[in-house]
Amino acid sequence: MDQDITSQFLQQETEEKQALALLLERYLSRQDQLFVQKTQMGNTQSYLGSVSLQWLASRVHFALQLPLFRRKYDPKTNNIIRDSETVEELQQRPLDWSRQAHLAQYLAVLNNHKFPPILVVINQDWVNDPNALEWDINNCATVSVDEFTSLDQNDSVGLLNIGKNYSIFALDGQHRLMGIQGLMELLKTGKLEVYNKVKKSTGNPITLDELIEEYNLDPIALQNLAKEKIGVEIIPAVIKGETYEEARRRVRSVFVHVNRMAISLSKGQLVLLNEDDGFAIVSRRLAITHPLLKDRDEKDWNSRVNWDSATIANKSTVLTTLQALQDMAEGYLDYQFPHWKSKDKKNLISLRPDDQEIETGLKLLSKLFDALANLPSYRQLEHGVKTYELRRFNHEKGGGEGNFLFRPVGQIALAQALGFLVFNQNFDLRTIVKKLIYFDEIGGFSYMDTSQSIWYGILYDPMKKRIQVSGKKLASRLLVYLLGGVNDDLEKADIRRALAEARTIKDAATNEEKTIDFKGNFVHPKKVGLPNILVDS
């Protein structure tokens with residue numbers, strides 16, 4: 001008896017599921033309705049659903065095209081024209097069209113691609129017609145824009161009308177929308193223009209055939225991307241009882257709030273989370289394993305790496321930053337793994353290297369840091385000397401040695417120079433390091449803020465009395481020269497001219513340009529020569 005009841009119950013449940021499936025199929029097959037769940041936060045009512053990428057690209061517009069927002073609108077860039085009338089109207093960073101090609105490629109190339117849901121607002125034409133019947137004599141809406149048909153007793157699950165008489169605009173996720181539109185254009189036309197920030201074409205377009213060949217993609221799988229689903233959260237442009245101005249203020253408030261709450265990741269955090277860039281992967285693994293980068297004090301474990309910021313504070317005890325480590329990894333390993341970056345086709349994104357290559361890259365980078373750890377400046381850390389004592393310039397509060405090796409820009413320049421010598425010129429790393437040890441012992445990396453230093457004017461700006469990042473390339477070239485990697489006389493002459501130019505300043509009193517030699521005297525630029533090449537000790 002009990003078995004019969006259980007069997008009947010299971011049969012009834014199966015029939016109900018089948019009936020529900022048929023009912024949903026009938027409703028969901030219609031293009032003008034979307035199956036959604038209603039949600040409420042504060043005074044904001046919204047609907048959660050999912051749509052295909054193709055539907056999103058064709059039906060959803062950018063926020064600033066929404067008539068509730070529109071004042072002075074540039075249709076070419078989809079941005080508001082910034083002037084005295086509109087600067088207070090909408091405080092939102094403009095669309096950056098240089099991101100479209102990379103976002104589209106991300107969706108096309110990476111199998112594990114994922115975009116978060118997009119927040120959109122749904123609108124109808126009557127909203128912008130003050131004489132429409134939907135506005136009463138007090139200019140209040142008699143109905144809401146959204147048309148929701150409930151399918152449950154709690155009025156929480158149902159169908160939202162999204163027919164052609166509705167227009168939809170992205171409030172949050174505009175760059176995601178841009179990337180999806182770019183993907184659809186790529187799939188439809190076979191090419192995608194590459195833009196700068198203000199949507200002006202730059203360089204050659206990316207072609208679908210190029211992507212298929214470069215990344216060994218399946219053409220059929222690429223076309224199926226259009227059917228993939230993405231989450232959407234929909235809010236109505238006008239709610240029953242609102243005036244036009246109240247509706248505009250509410251929607252604009254949501255728009256501004258979601259964008260203000262979306263805090264951009266720091267450069268260090270991007271490196272920390274990047275699972276596709278080989279240089280990012282090996283640099284963060286190095287950061288947690290190499291003795292030079294791990295503080296010996298367990299209470300301050302790994303304090304020698306700044307994981308977030310790309311800069312180092314005056315009193316900080318860190319040796320470097322995670323961003324600098326990635327740049328060092330790229331500078332050193334680039335000649336060994338050029339395919340980790342698609343330099344010949346700079347508009348194409350890079351893919352994660354295989355595990356064996358990553359392990360090889362980590363070993364090579366660890367070997368570099370093993371060698372650098374023998375430099376006298378770094379060995380001082382073993383004796384309790386703090387990094388900031390060696391990093392700070394003498395004129396900064398607390399004073400310091402102004403050491404090249406304790407500045408991220410110097411570390412990157414050194415790694416780039418050594419990568420060129422080891423992997424492009426086949427120099428022996430141990431021989432190079434012996435030369436660097438001698439150079440360090442005679443103070444070659446110290447006191448950048450004095451005219452006796454070869455880095456004066458290159459990485460140290462004597463006028464502004466601070467680090468000069470723009471001198472990184474020249475610093476790297478000068479290191480290659482010092483280590484014996486420059487044999488061409490014309491290249492030597494060019495480095496000498498660049499060095500003299502870097503040491504030329506404008507006299508504030510006379511407004512004349514003066515060049516400082518290595519003794520601190522003002523001389524003719526041609527009097528500034530090159531330092532001696534380092535020889536094997």
Checking Phe337 against (1) closer than 25 Å to Ile467 by Cα; (2) at pLDDT 90 or above, which test does it fail?
-> (1)
When the range 352-379 is examined, which residues are found to be surrounded by fewer than 17 Cβ atoms within 10 Å (Cβ to Cβ), in contact (Cβ under 8 Å) with a residue 24 or more places away in the chain and not in a helix (DSSP H, G or I)?
-> Ala373, Asn374
Across the range 504-525, what is the total count of residues that are touching a helix residue (DSSP H, G or I) at 6+ places or on another chain (Cβ under 8 Å) and either of a type outside the set (Ser, Thr, Tyr) or buried (at least 16 other Cβ atoms within 10 Å of the Cβ) (or both)?
-> 3
Give the range 474-484 a look and list any residue that's buried (at least 19 other Cβ atoms within 10 Å of the Cβ) and not polar (S, T, N, Q), or say none.
-> Leu474, Ala475, Arg477, Leu478, Leu479, Val480, Tyr481, Leu482, Leu483
Would you say Lys464 is at pLDDT below 95 and within 36 Å of the chain's Cα centre (by Cα)?
-> yes
Selected residue [at pLDDT below 85 and either surrounded by 23 or more Cβ atoms within 10 Å (Cβ to Cβ) or under 25 Å from His102 (Cβ atoms) (or both)] from Ser303, Ser283, Ser309 = Ser309
Of (1) modelled with pLDDT under 95; (2) touching a strand residue (DSSP E or B) at 6+ places or on another chain (Cβ under 6 Å); (3) of a type outside the set (Phe, Trp, Tyr), Ser350 satisfies all except one. Which?
-> (2)
Among helices (runs of 4 or more DSSP H) lying entirely in the range 125-235, which contain 3 or more residues that are surrounded by 15 or more Cβ atoms within 10 Å (Cβ to Cβ)?
-> 174-189, 208-215
Exactly one of Phe439, Phe423 is more than 27 Å from Ile312 (Cα to Cα), surrounded by fewer than 22 Cβ atoms within 10 Å (Cβ to Cβ) and out of contact with any Cys (no Cβ under 9 Å at 6 or more places or on another chain), and that one is Phe423
Looking only at the range 500-509, decide whether some residue is modelled with pLDDT under 95, assigned by TED's automatic domain parsing to the domain that holds Val433, among the basic types (Lys, Arg) and within 15 Å of Ser453 (Cβ to Cβ).
-> yes
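The values are calculated or read from the model by the stated rules, or taken from the named source; none is laboratory data. Quick caveat, the model's predicted, so the values are computed rather than measured. FYI the Cβ positions are ideal-geometry reconstructions off the backbone, even for glycines, and counts take in every protein chain you see.
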